[in-house]
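The values are calculated or read from the model by the stated rules, or taken from the named source; none is laboratory data. Quantities reported herein were computed from a predicted structural model and do not represent experimental measurements. In this analysis, Cβ positions are derived from the backbone assuming ideal geometry, glycine residues included, and neighbour counts consider all displayed protein chains.
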Amino acid sequence: MADVNAVEIRNVSKIFGYGEFAFAAVDSASVSIRQNEFFTLLGPSGCGKTTLLRLIAGFEFPTSGEIMLNGENIAAMPPFKRPINTVFQSYALFPHMTVAENIGFGLTMLGRPKQEVRDRVAAMLKLVRMEALADRRTSQISGGQQQRVALARALAPQPKVLLLDEPLSALDYKLRKDMQIELKRLQAETGITFIFVTHDQEEALTMSDRITVMSSGRILQVGNPREIYDAPSDRFVADFIGETNFLKGRIETLAGGVATVDTEVAGRISATVPTDFHPQGEVTVVLRPEHATLCAPDQPGASQMTGTLETIVYFGTDTHYHVRLSDGESLFILREQNKPLQTARFAEGDRVGIALEANAARVLRN
Amino acid sequence: MTQPAGPIDAEQSRDIRKRWLLSLPALLIILVAASGPLLIVLLYSFLTPGPYGDVAWRFSLEGWIGVVLEKDIFDDTLSLADAHVSIFLRSAGLSLMTTVLTLLVGFPTAYFIATRPERSRELWLFLITIPFWTNLLIRTFAILEIIRNEGLINTLLIDLGLIGRPMQMLFTDGAILVGMVYVYLPLMVLPLYASMEKLDFRLVEAGYDLYATPFRVLRRIIIPLVKPGIVAGSILVFIPALGAYVTPSILGGGKNLMLGNLIELQFGQGRNWPLGSALSITLMLIVMVALLFYVRNAGSQGARHG
Amino acid sequence: MAKAFSVQRQRGFTAIAIGCFFALYLPIIVLVFYAFNAGESLSSFDGFSLRWFARAFENQQVIDASLRSLQIAAVAATVATIAATMAALATTRTEPYRGLTLKYAFINQPLMIPEIVTAVALLIFFARIKIWTGYSGLGYLIAAHTAFCIPFAYLPIRARLENMDLTLEKAAADLYATPWKAFRYVTLPLLWPGILAGFMLAFVISLDDVVITQFVKSAGQDTLPTYMLGQIRRTITPEMNAISTVFLLLSIGVVTVFFFVNRKRV
């Protein structure tokens, strides 16, 4: 079955409400999710990622379109017949059952023999390292432990696909980092396709095999983390993932995927252009903050960008500089990694120049 | 710590004294016109009946013996009072059936209200609240009019040619049951709704996600989670049903008595106040046991979710 | 599957619920309908008429019983509401203290005991007092009604108080209000909807009572419900329906006001 996509969303729309109150939570979305993939739906709240997840789970049904699971259309199938399980954002652990009863619930509902359920529950408890707490009530364990039980419960019936709805959002920073590693381990050990919903771009970049970026119910870009970060397809994706500087300009020349762009604030710079894209006239160029460095305003070889250093924000691993460009309006952000025993080269209020790394600039599709 | 404890203690005890003073009127009124007289009932149950009602001040166990036994007129031997036993059984049976039937109808109704969109939910709730606060006598009277021999049901059935002459529905146990279900239904729906309103439907989703069919979701997830409401509703229906007086006396006629009517009889025509008192205490004890069961159940539920 | 799957849907529940609402209202609607019957029958409608309402309003017994009911309900509900408000102030927003649970149990006691038992107890008790004092006025009925009205008045007042923050009174005290002024200008205005709801509940409960009234009343002290109970046992004419209809309207009116007063939360 390796050649069939695990899940295929074909032109799916979900409209809530009627008439003038109608609102498309998911708008003609199409995406294929491969077997054994860690696939992430990323976007701000209200972008439709959770609705899409609920459509796959079967809690909602699409207004139009098809949802294929291993080549079979499941769009009209009720959730209790879909071999798909969910880890809920709130965990949704049954408060009237013990940890072990929660984990065994799915298998019991599938009518598996008691002995098999017991063995499988024991195996799952071991997998998530919760053996000692099997007979506790779910209200008697910590948030991180509840998270593990929710995972074990969803994995116990060995689903074809595991859906995770912002499962880490309720955990504090340290625990979240641990669980990210844990999730990757579980995915590798079980070989199950994971579909992960998050609004946290860092989480998405570090964990995913591939990412889908959504906004206003639409799918904007699908790609691996590097593609999403380095080659954002449009302004929204570039802005949502990491920090970005946008420069307006006009195309002057275009050859071999590299364009010369005359920008208003930085003068003439060269920028890479996406394949099969032949822009003309006005374009937007994006520049990541870490691909630029501060220099003296008159230093030879620098771009023609100069400005006043407004704020310096120290982050431990790196330092952010906010530069008010000479047009007096645009703010340019730079990020430099901190080196041992480094002394500050510039102070707030200094006039500075900005040097760009080669091939750092990129022309956006729109 | 050099802070003396004195002033704070004094402040506290002054506050508690003020609180006792404030609650005094309510406590006194209830003591005089509700709780206190119950003790007199207990006392009366151990006295001798007076010739024209009331009591004579002589100790006697006759009242208590009369609860379930009766004395032969000729040789004074005791035997089981069949009439009383059958009234006890009828009361218990009808009350239990009323509780079960109101639960069977009330559960889906409360669920229906709890799953309406927020705006229309208020309206449905209001529609349940109205009968809850309208006169029980009028509602019983409404049922009486429907099931009489000349009532709506019989007239309709005869007009449709389904029956030749009126079915006797009034003055039967069935009539009492229908009446009590009708009258006490809101008492079941409201506490059920209160706990269903708090039901977390994400747990229902989790159930469906883990392969439970709709029926199994109902049985394994919804019912256990709203159990406090089920227990509360059942108690709220069972207690007044067991002591029901108005509904059985109107719909049951003179023959199909329940405990309430039997008690009333002892203070009216029966002129046996000690027996009436003993029967009242018995009814109260049954209710206490039911309440104790409720408290224990509700308590364990609370601990579980707390 | 006949209908699309929905997480909240349970097969047959909606049908039962609709049937339940239908069954709850049908008898009441029929009752009201025949109050307007021109004929004497309660099963064949002979044309629209208000004659039974006119008849009820001319019936001196009905008028006396109604006035007596309203009088008892007004006095009992007022006294019960005042007592319940004080009791609510005394039993909320405090650390548990000795006797608090006892107070709860005591105040709610009339709800726990079957009405018939309380009725019997009051019959016995008041019969004694009648002999001792020779007084046989409405005082007994008012006292009995006040007692069983207290827990009903107490419930919404207590609920309201528990949602109120004690820091408000502390803020008032900080702004130089004496305890009485703090109560008068801060606590009471905020508590008012609860008190109003409590009063209305108590009023309706008193108005509806049959059992306790039936046992406590002396000869010639019929309230409207006990008068109706007596009449139901005789021949029934649409006059009963007319009286019931007016009574129903009164209850529904009070309940509607209660519903909307109680719904508005701070």
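Worth pointing out:
- Residues satisfying the stated conditions in the range A:308-327, i.e. in contact (Cβ under 8 Å) with a residue 24 or more places away in the chain, within 29 Å of the chain's Cα centre (by Cα) and buried (at least 17 other Cβ atoms within 10 Å of the Cβ): A:TYR321, A:VAL323
- Considering A:GLY71, A:GLY58, A:GLY46, A:GLY111, the condition of being in the same structural domain as A:ALA154 (by TED's automatic domain parsing), crowded, with 18+ Cβ neighbours inside 10 Å and at positive phi is satisfied by A:GLY58 alone.
- Cross-chain or 6+ apart pairs with Cβ under 6 Å, the range C:67-84 first and polar (S, T, N, Q), then not in a helix (DSSP H, G or I): C:SER69/C:THR223
- When the criteria are applied in full, B:ILE138 meets the requirement of being under 23 Å from B:LEU190 (Cα atoms) and in the same structural domain as B:ILE223 (by TED's automatic domain parsing).
- Subset of the range B:253-267 that is closer than 10 Å to B:PHE88 by Cα and assigned to a loop (DSSP other than H, G, I, E, B) - its residue that is modelled with the lowest pLDDT: B:LEU257
- Candidates in the range C:215-244 are the residues that are closer than 20 Å to C:ALA77 by Cα and of a type in the set (Ser, Thr, Tyr); of these, the one that is nearest to the other protein chains (Cβ to nearest Cβ) is C:THR226.
- Verdict on C:GLU95 being among the charged types (D, E, K, R) and either surrounded by 15 or more Cβ atoms within 10 Å (Cβ to Cβ) or within 7 Å of another protein chain (Cβ to nearest Cβ) (or both): no
- Meets criteria (at positive phi and either free of Cβ contacts under 8 Å to residues at least 12 places away in the same chain or not assigned by TED's automatic domain parsing to the domain that holds A:ASP200 (or both)) for A:ASP276: yes
- Looking across the range A:101-160, just one residue is part of a loop (DSSP other than H, G, I, E, B), within 13 Å of chain B (Cβ to nearest Cβ) and of a type in the set (S, T, N, Q), and that is A:GLN158.
- Selection within the range C:127-156 - more than 11 Å from every other protein chain (Cβ to nearest Cβ) and touching a Gly at 6+ places or on another chain (Cβ under 8 Å): C:LEU155, C:PRO156
- Candidates A:ILE211, A:ILE241: the one that is in contact with a Ser or Thr (Cβ under 7 Å, 6 or more places away or on another chain) and buried (at least 18 other Cβ atoms within 10 Å of the Cβ) is A:ILE211.
- Tallying residues that are more than 10 Å from chain B (Cβ to nearest Cβ) and crowded, with 18+ Cβ neighbours inside 10 Å within the range C:1-60 yields 6.
- Considering the range B:131-140, and only residues there that are at the interface with another protein chain (Cβ under 7 Å from one of its Cβ atoms) and touching a Ser or Thr at 6+ places or on another chain (Cβ under 8 Å), the residue that is nearest to C:ASP208 (Cα to Cα) turns out to be B:ASN135.
- Taken as a whole, the structure places A:SER90 among residues that are at the interface with another protein chain (Cβ under 8 Å from one of its Cβ atoms), among the hydroxyl-bearing types (Ser, Thr, Tyr) and in a loop (DSSP other than H, G, I, E, B).
- Within the range B:90-97, the presence of a residue that is modelled with pLDDT under 90 and part of a helix (DSSP H, G or I) is excluded.
- Failed criterion for C:GLN71 (all others in (1) exposed (fewer than 15 other Cβ atoms within 10 Å of the Cβ); (2) under 21 Å from C:ASN163 (Cα atoms) hold): (2)
- Any chance B:SER79 is of a type in the set (Gly, Ala, Ser), more than 26 Å from the chain's Cα centre (by Cα) and either outside any loop (DSSP other than H, G, I, E, B) or outside the structural domain of B:SER195 (by TED's automatic domain parsing) (or both): yes
- Set side by side, the residues A:ALA152, A:ALA156, A:ALA132 differ, and just one is small (Gly, Ala, Ser), surrounded by 15 or more Cβ atoms within 10 Å (Cβ to Cβ) and over 24 Å from the mean Cα position of the chain (by Cα), which is A:ALA156.
- Within the range B:66-88, the set of residues being buried (at least 16 other Cβ atoms within 10 Å of the Cβ) and either among the aromatic types (Phe, Trp, Tyr) or modelled with pLDDT of 85 or more (or both) comprises B:GLY66, B:VAL67, B:HIS84, B:ILE87, B:PHE88.
- Matching residues in the range B:250-261 - criterion: being within 20 Å of the chain's Cα centre (by Cα) and either more than 11 Å from chain C (Cβ to nearest Cβ) or buried (at least 24 other Cβ atoms within 10 Å of the Cβ) (or both): B:LEU251, B:GLY252, B:ASN256, B:LEU257, B:MET258, B:LEU259, B:GLY260
- Taking each residue of the range C:125-138 that is closer than 19 Å to B:ILE29 by Cα and looking for partners that are part of a loop (DSSP other than H, G, I, E, B) and among the charged types (D, E, K, R) with beta-carbon atoms closer than 8 Å, six or more apart or interchain, yields C:ALA127/B:ASP54.
- Note on the range C:108-126: residues that are modelled with pLDDT of 90 or more, at the interface with chain B (Cβ under 7 Å from one of its Cβ atoms) and outside any loop (DSSP other than H, G, I, E, B) total 10.
- Residues of the range B:205-227 that turn out to be closer than 30 Å to C:ILE113 by Cβ and either polar (S, T, N, Q) or surrounded by 21 or more Cβ atoms within 10 Å (Cβ to Cβ) (or both), as a count: 1
- Residue check, C:ILE252 under 21 Å from C:PHE152 (Cβ atoms) and more than 9 Å from chain B (Cβ to nearest Cβ): no
- Flag if C:ILE212 is within 14 Å of chain B (Cβ to nearest Cβ), within 25 Å of C:LEU122 (Cα to Cα) and either buried (at least 18 other Cβ atoms within 10 Å of the Cβ) or of a type outside the set (A, V, I, L, M, F, W, C) (or both): yes
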